[in-house]
1. How far apart, in nm, are two points set 7 Å out from the Cα along the Cα-to-Cβ line at VAL84 and at ASP8?
2. Using a 7 Å offset from Cα along Cα-Cβ at ASP41, what residues in region 1-33 end up with backbone N under 15 Å from the label point?
3. Using Cα springs under 10 Å in a Gaussian network model of the chain, which residue among ASP12, ASP96, ASP50 shows the largest mean-square fluctuation?
4. Pairs LYS9/LYS34; LYS27/LYS113; LYS7/LYS27: which are spaced more than 26 Å apart, C-alpha to C-alpha?
5. Among SER48, SER108, rank each residue by its count of other Cβ atoms within 10 Å, from fewest to most, as a rough exposure measure.
6. Apply 1/(1 + (r/R0)^6) to the Cβ-Cβ distance of ASN31 and ASN64, taking R0 = 35 Å, and write down the FRET efficiency to the nearest 0.05.
7. Rounded to the nearest 500, what is the chain's calculated 222 nm mean residue ellipticity when only DSSP H runs of at least 4 contribute -39500 (n - 2.57) each, over all residues?
8. Using Cα pairs under 8 angstrom and six or more residues apart, how large is the relative contact order of the chain, in percent?
Amino acid sequence: CMAERLKDKLLDEEKIVDMVVGPDAYKDLPNLIKEVDSGRDAVNVILSKDETYGDIAPVRLNTNGVTAFVSITRGCDNMCTFCVVPFTRGRERSRDPQSILAEIQELSQKGFKEITLLG
């Protein structure tokens, strides 16, 4: 991810940030903020092999109120020569089916009529 690639430049060379956080480190944010509050730089850019973001409800902006998209997997096991997904998002892992159904149920209750599963 971009945070992993540029962490040294941002922290050491440019000295423009106190914290560099990759997308899989969102649960570690309270600890990272404590580090910064204590005067230390904080870094967590570790790619999780099992994080699916299944417990995070996406924010839907500029929606038509009819169509919604639900991610059911993250990462990819294919190693296509033109694609960086396996390297930036890791191996494929599926969300828990119950979290997918709960998200779809919530969308239905909000009036969405068409749900596209993304995988």
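Values quoted throughout were computed directly from the atomic coordinates according to the rules given, and no laboratory measurement underlies them. No experiment lies behind these values; they were computed from the predicted model shown. Glycine gets a Cβ as well: all are built from the backbone with ideal geometry, and neighbour counts include every protein chain shown.
1. In this crude label model, VAL84 to ASP8 measures out at 1.8 nm.
2. Backbone N within reach: 3-22.
3. ASP12
4. Where the Cα-Cα span goes over 26 Å, the pairs concerned are LYS27/LYS113.
5. Ascending number of Cβ neighbours within 10 Å: SER108, SER48.
6. In this case the efficiency is close to 0.35.
7. One gets -7500 deg cm²/dmol as the mean residue ellipticity at 222 nm.
8. 24 percent
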